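Below you'll find the structure, written out as C-alpha cells, and then a few comments.
The values are calculated or read from the model by the stated rules, or taken from the named source; none is laboratory data. Keep in mind that what you see is a predicted model, and the values were worked out from it rather than measured. When we count neighbours, we look across all protein chains shown, and the Cβ atoms used for this are built from the backbone with ideal geometry, even at glycine.
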Amino acid sequence: MTDNELIAQVTTQNDHQAFAELVRRYQTGIRLFLRRLTAGDYHLADDIAQETFIQVFQKLHTFQGKGSFRAWAQKIAYHRFLRYLESGAVKNEVQQELAIDMVEIKDNVEADIMAEKVMSHLDVKERLVVTLNYSEGLSHSEIAELTELPLGSVKSLIQRARVKLQKLFVAQEHVA
C-alpha cells in the first residue's frame, strides 16, 4: 500500500495496523535524523522520535498530501526537538571531549559513530541543515521550507558548518 492509502485507512477507520506500517517505514530515518540533531544522544533521539510518532498519529488528519509524508513527519520531529531546546533540557551545543580517529573507517557503523562525533562540533542549526542536506538529500529550498528559515540563512549555515568541519579535519591531520 502507498503512504496515502495507509494514511486514509488510519484517518477514516482508525486502523492501528496501517499506522504501525507507517511507523515501520519511517522510524529509522526519523531516529537517525534526530540522532544527528542531538549530536549522538541515542536516548534523547529515541524519546523525541516516540513523541514525534504520537504527535503524527494525533495530527494525521491534518496531513494534506502536498508534500511527502516523510518530510511532514520530519518537520514534526524537528519541532519536537526545538521544544526540548527551548525547555532547557538540552544545551544548544553539546560539550564533549572527543578524539577523532583519522584511521580509515571500515564499515558503516563506524562511519555513523564518526559522523555523530563530528556533528557535536556544530551548533544546533548547523547540525540541522547539514543533516538535512547531506544525510537526507534535501535541497536548500526544501530545507528552508522544512525549517522555516530564510533560504539565505540555510546557505550561510551550510557554508559555516563546512568551514568548521574543514578546520577540524585540518587540526586533526596536524595532530596525527
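Residue by residue, here is whether (1) in the same structural domain as residue 125 (by TED's automatic domain parsing); (2) surrounded by 16 or more Cβ atoms within 10 Å (Cβ to Cβ); (3) of a type in the set (Gly, Ala, Ser) holds:
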position: 29; (1), (2), (3): no, yes, yes
position: 32; (1), (2), (3): no, yes, no
position: 35; (1), (2), (3): no, yes, no
position: 38; (1), (2), (3): no, yes, no
position: 47; (1), (2), (3): no, yes, no
position: 52; (1), (2), (3): no, yes, no
position: 55; (1), (2), (3): no, no, no
position: 68; (1), (2), (3): no, no, yes
position: 73; (1), (2), (3): no, yes, yes
Based on what the data block shows, is residue 103 at pLDDT below 75, closer than 17 Å to residue 35 by Cβ and not assigned by TED's automatic domain parsing to the domain that holds residue 23? no
Segment 126-139: number of residues that are in a helix (DSSP H, G or I) and surrounded by 18 or more Cβ atoms within 10 Å (Cβ to Cβ): 8
Do any helices (runs of 4 or more DSSP H) entirely within segment 1-79 hold 2 or more residues that are within 20 Å of the chain's Cα centre (by Cα) and of a type in the set (D, E, K, R), and if so, which? 16-37, 42-59
Being under 16 Å from residue 28 (Cα atoms) and either of a type outside the set (Lys, Arg) or modelled with pLDDT under 85 (or both) narrows it down to one residue among 94, 56, 129; which is it? 56
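Would you call residue 155 modelled with pLDDT under 85, farther than 18 Å from residue 76 by Cα and not assigned by TED's automatic domain parsing to the domain that holds residue 29?
Details: modelled with pLDDT under 85: no; farther than 18 Å from residue 76 by Cα: yes; not assigned by TED's automatic domain parsing to the domain that holds residue 29: yes.
The answer is no for residue 155.
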Working only within segment 8-47, note down all residues that are farther than 27 Å from residue 132 by Cα and of a type in the set (D, E, K, R). 15
